Structure formats: C-alpha cells, structure tokens
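The values are calculated or read from the model by the stated rules, or taken from the named source; none is laboratory data. It should be emphasised that the depicted structure is a prediction, and the values quoted were computed from it without experimental measurement. We place every Cβ from the backbone using ideal geometry, glycine too, and count neighbours over all the protein chains shown.
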Amino acid sequence: MWSSSDSRGAAGCSLLVLGLGASSRRDDAIGVHLVERLGAEAPPGVEAVALPDADALSVAQVLLEAASAALIVDCAEMGLAPGEWRLIGESDLGAGRGLGAWSTHGVGMGEALALARALGFTAPVSLFAVQPADCGVGGQLSVELWASMGELRAALRQTAGEIANCGCQEAG
C-alpha cells in the first residue's frame, strides 16, 4: 500500500518519515517530493515513506503498521514566507487551532493522527511543516518551493537524523 525508500518495511524502524501531499495541487505535494528525495540519503534508523494523495485512513494505517515514532512532512498554512519550515511537536499541533487547521488537505493530518490514536497508536509524532506559495491546481511545485528544495532537503535530513538519534519527538 505504501512505497518505501528501502525494503525493510516501516515496522522496526526507529523513525518513520512520512511525506504527504496532493500531487495535483502544486505546493501541496512538497511532503511527497521531499520524502521521495530523502530516499537513499536517509540517516540510519530512518525510513522514508511517500504517500501521495493518501486519505486519513491510509495515513492512520501506515502509522499503526509502523508502530514507531513518526515525522510527518506536509505543507501547512502558517503565515510564513513560502519555503520556510517549522518543526511542530504534537503537543503544539492543537494550540489555538484545531489539528486539521495546520493541513491544506480537506481531511488532514490531524484527523489521520486522531484516528491512529483511537486505534491504539502511541508513538510520538511531529510535523515538519513547509509554508506553500501556491496550492492551486497543477502538477508542479511553485518557483519559490523549487528554489527552497536544497535547503528543505538538508533541513529534513538533519531533523530526521536528530530525532532518530535522540529517540525523542519534541520540537525545538
């Protein structure tokens, strides 16, 4: 059901990096693009899984199957400059906003996480959120996000490695 950067499968990894996004909505696909590129560059103990066009049920299923800490990569409307990113800890996802408010999807990451929690998923989760420029219909990322791709890839690789190495999920 999911595509992985290696053949181990998500079960047993210390950190699952899960890329979300709608492939037909320009910058909304940034999570998928970043995680696909993480692939062979993933730090030890990190499994990169891209879930293009996944619904909340599919995301919840992957989280349950992995049963490991997760770093979800997705675009989020945060009022920042396009291409800027933030690491958001699970405890901060609902602060002043509903969980779904961070996502640009109709049924968002918040709903997927709530479903996984209701079904027994207990591992920590953080969000690597990237500010989009344009989530309109189209298959290509915006110029702003393409220009930020190298910096975003390096930041994701470093963030994933730090989380996997320390075994914690708190946002800094």
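Screening S24, S14 for residues that are under 21 Å from G161 (Cβ atoms) and at pLDDT below 90 leaves exactly one candidate, S14.
Do we have any residue at all in the range 49-71 that's of a type outside the set (A, V, I, L, M), out of contact with any helix residue (DSSP H, G or I) (no Cβ under 9 Å at 6 or more places or on another chain) and not in a helix (DSSP H, G or I)? Yes, the range 49-71 has at least one match. Residues in the range 116-149 that are among the aromatic types (F, W, Y) and in contact with a strand residue (DSSP E or B) (Cβ under 6 Å, 6 or more places away or on another chain): F128 only. Just to be sure before I move on: is A155 buried (at least 22 other Cβ atoms within 10 Å of the Cβ) and within 15 Å of the chain's Cα centre (by Cα) in the structure I sent? The answer is no for A155.
Counting only residues that are surrounded by fewer than 20 Cβ atoms within 10 Å (Cβ to Cβ) and closer than 18 Å to V35 by Cα, which one in the range 117-143 is modelled with the highest pLDDT? My answer is S142.
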